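The values are calculated or read from the model by the stated rules, or taken from the named source; none is laboratory data. None of these values were measured; they are calculated from a predicted model. As a convention, Cβ positions derive from the backbone with ideal geometry for all residues, glycine included, and neighbour counts pool all protein chains shown. Surface areas here come from the heavy atoms of the whole protein model, side chains and all, with no ligands, DNA or RNA. Shrake-Rupley method; radii C 1.70, N 1.55, O 1.52, S 1.80 Å.
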Amino acid sequence: MRVRAFMAGLATVAMLAGCGGLEAQSSGGGKSSKTDSAAIADARDKLAKLDVKGRAPKTGFDRDEFGPAWSDVDHNGCDTRNDILKRDLEDETFKSGTHDCIVLTGTLDDPYSGKTIKFKRGQSTSTAVQIDHLIPLSDAWQKGAQQWTDAKRKEFANDPINLMAVDGPLNGQKSDSDAATWLPPRKAYRCTYIAKQIDVKAKYKLWVTSAEKDAMKGILDSC
């Protein structure tokens, strides 16, 4: 996997790929290497420190509250969507004249389903692979982001640790659900998924509901 400019300075995230084994997982979806149980202990520790509150009203939520979709926040000349596609896909091809910014084709090892998905840019084909916010923007809005500055919300919406290329229909199915109401159908990925969500919530000091915390703890206990 190539190192992108926008990833500079971001630490590799130690994660779990499933209940049977531990992995060191990058911010992307599919690649990993085995590591020790420090990852699960770290996730449990961070979860224990998250505030537990009820959901705030969704009143006032709008996608625009998090800035224009897929801004070029790292000023590398490529928008965030294409940055994540370049990070998470294999065998990419690019539109000529875009300095390898616009991804035309590639292959995704989808973490949510375990399927191999062929991506092809186009009006009727691009949606096969979508960029998922691990912590949905609406969920963040109801758990702390209403109080943020516009700049912080824009940063959150474009932060690579909160973004993954995934199966489009599953992303639509997830919508703005939290861990209490939606988990990846591929059970072997649930430990990684929950650990990633906890990392994001800890970084941005978002709270969890009691049901969400119980669901997260239940997954980590089964890893």
### Task
Could you calculate the contour length gain from Gln123 to Thr59, that is, 0.36 nm times the residue separation minus the distance between their Cα atoms, to one decimal place in nm?
19.8 nm
### Task
Could you work out how far apart the two model spin labels at Ser222 and Thr181 are, taking each label as a point 7 Å from the Cα in the direction of the beta carbon, and quote it in nm?
2.0 nm
### Query
Going highest first, how would you order 123-134, 48-59, 181-192 by mean Cβ packing within 10 Å?
181-192, 123-134, 48-59
### Task
Between Ser210 and Ala188, take the C-beta separation as r, use R0 = 30 Å, and let me know the FRET efficiency to the nearest 0.05.
0.65
### Query
Heavy-atom accessible area per residue, segment 69-223, 1.4 Å probe: how many Å²?
41 Å²
### Task
Please find the FRET efficiency linking His75 to Lys203, where r is the Cβ-Cβ separation and R0 is fixed at 25 Å, and quote it to the nearest 0.05.
0.75
### Task
At 7 Å along the Cα-to-beta-carbon direction for both Thr93 and Lys152, put a label point, then send me their distance in nm to one decimal.
4.5 nm
